[in-house]
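Peer 1: Quick one: the structure is below, and I'll ask about it shortly.
The values are calculated or read from the model by the stated rules, or taken from the named source; none is laboratory data. Keep in mind that this is a model prediction, so the values were computed, not measured. Virtual Cβ from ideal backbone geometry, glycine too; neighbours counted across all protein chains shown. In case anyone asks, the SASA skips ligands and DNA or RNA and just uses the protein heavy atoms, side chains included. Shrake-Rupley method; radii C 1.70, N 1.55, O 1.52, S 1.80 Å.
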Amino acid sequence: MSYLLRIDASASGDASVSRRVADSCTAAWGGDIVRRDLALDPVGHLDAAGITARTTPAHEHSPEQKAAALLQDELVEEFLGAQAYLFAVPLYNYSMPSVFKAWLDQIMIVGRTIGTAGRAPSAGRPAVVVSARGGGYGPGAPQHGKDFLVPALRTMLGDPNLMSLDVRPITPELTYAPTVESLRHLLPQHRASLEEAHAQARRQAAEITAVVAAGRSGLTGAR
């Protein structure tokens, strides 16, 4: 059965803007959803056992390699079983939360999620990335050019030689404006950015639902 795989990475719980915008997407989604909350249930960082388990025959696995392989199998099967993805990944210190990077390291495996000859198994599948950030990172903003999250995910998730997903970022900005005095004058821009982010999330859900449905019918139309 196909589904939308939602991965949450924010440590802020219900206060997370990334989660709330992602909620708008799932509320408008027209199918099944599988959700993994890495803040509540983080996966372990990739270690030596996990790396060597990938190239060691299964019958030669140590107990540590067996455990590492079981985790990777679970995560990879969950990833490949989805037809679309929703990643709620806030910008932390100019990059991604470590729990999300740990998850990526566990599933990015050559020959399984990364193609060795031809396209990856997930090629072309839509992936919405909701990445809230406390300041402004657009052209003309003081932090412009310092977002090292969305460009990194465009490469790791979207590069044709890697996982080849159709990455669709949504970036609500200035989330510190309601609480940081020096940013209060930017509240109108924050509210406008947030409103647009929720609208984008709903539009993406509707569009991707239609694309997935068309794919099931053998039709074309995915961008």
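Peer 1: Quick test for you: out of Val17, Val34, Val99, Val76, pick the one residue that is aliphatic (A, V, I, L, M), in contact (Cβ under 8 Å) with a residue 12 or more places away in the chain, closer than 25 Å to Leu174 by Cα and touching a helix residue (DSSP H, G or I) at 6+ places or on another chain (Cβ under 9 Å). Can you show your working first?
Peer 2: On the way: Val34 fails: closer than 25 Å to Leu174 by Cα; Val99 fails: touching a helix residue (DSSP H, G or I) at 6+ places or on another chain (Cβ under 9 Å); Val76 fails: closer than 25 Å to Leu174 by Cα.
Sole residue among the options that is aliphatic (A, V, I, L, M), in contact (Cβ under 8 Å) with a residue 12 or more places away in the chain, closer than 25 Å to Leu174 by Cα and touching a helix residue (DSSP H, G or I) at 6+ places or on another chain (Cβ under 9 Å): Val17.
Peer 1: On to the next question. Could you count how many residues in the stretch 110-133 are closer than 18 Å to Ala152 by Cβ, outside any strand (DSSP E or B) and in contact with a helix residue (DSSP H, G or I) (Cβ under 8 Å, 6 or more places away or on another chain)?
Peer 2: Taking the stretch 110-133 as the starting set, the residues that turn out to be closer than 18 Å to Ala152 by Cβ are 113-114, 120, 122, 127-133.
So of that shortlist, the ones also outside any strand (DSSP E or B) come out as 113, 120, 122, 131-133.
Next, from what is left, pick out any that are in contact with a helix residue (DSSP H, G or I) (Cβ under 8 Å, 6 or more places away or on another chain): 113, 122, 131-132.
Final tally of qualifying residues: 4.
Here is a yes/no grid of residues against (1) closer than 23 Å to Asp47 by Cβ; (2) surrounded by 15 or more Cβ atoms within 10 Å (Cβ to Cβ); (3) modelled with pLDDT under 95:
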| position | (1), (2), (3) |
| --- | --- |
| Lys101 | yes, yes, no |
| Gln106 | yes, yes, no |
| Gln143 | no, yes, yes |
| Ala152 | yes, no, no |
| Met156 | yes, yes, no |
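Peer 1: Turning to a different aspect of this structure: If we only count strands (runs of 3 or more DSSP E) wholly inside the stretch 1-98, which ones have 1 or more residues that are more than 28 Å from Tyr137 (Cβ to Cβ), open to solvent by 40 Å² or more (accessible area, probe 1.4 Å) and of a type outside the set (Asp, Glu)?
Peer 2: 33-37
Peer 1: Now a separate question. When the stretch 164-198 is examined, which residues are found to be free of Cβ contacts under 8 Å to residues at least 40 places away in the same chain and in a helix (DSSP H, G or I)?
Peer 2: Glu181, Ser182, Arg184, His185, Leu187, Pro188, His190, Arg191, Ala192, Ser193, Glu195, Glu196
Peer 1: Is it the case that some residue within the stretch 149-166 is farther than 30 Å from Gly115 by Cα and of a type outside the set (Gly, Ala, Ser)? Step through it out loud before you land on a result.
Peer 2: Looking only at the stretch 149-166, we keep the residues that are farther than 30 Å from Gly115 by Cα, and these are none.
No.
Peer 1: Need pairs with beta-carbon distance below 8 Å; first residue within 12 Å of Ile170 (Cβ to Cβ) and within the stretch 124-150, second among the aromatic types (Phe, Trp, Tyr) and at pLDDT 95 or above; sequence gap 6+ or separate chains.
Peer 2: Ala127/Tyr85; Ala127/Phe87; Val128/Tyr85; Val128/Phe87; Val129/Phe87; Val130/Phe87
Peer 1: Suppose we filter Leu186, Leu174, Leu149 for residues that are more than 25 Å from Ala28 (Cβ to Cβ) and of a type outside the set (Phe, Trp, Tyr); which single one remains?
Peer 2: Only one candidate passes the filter, namely Leu186.
Peer 1: With Leu174, Leu183, Leu162 as the choices, which residue is surrounded by 21 or more Cβ atoms within 10 Å (Cβ to Cβ) and either farther than 22 Å from Ala199 by Cβ or modelled with pLDDT of 95 or more (or both)?
Peer 2: Leu174
Peer 1: Could you check Ala206 against (1) more than 12 Å from Val21 (Cα to Cα); (2) surrounded by 21 or more Cβ atoms within 10 Å (Cβ to Cβ); (3) in contact (Cβ under 8 Å) with a residue 60 or more places away in the chain and say which number it fails?
Peer 2: The one condition Ala206 does not meet is (2).
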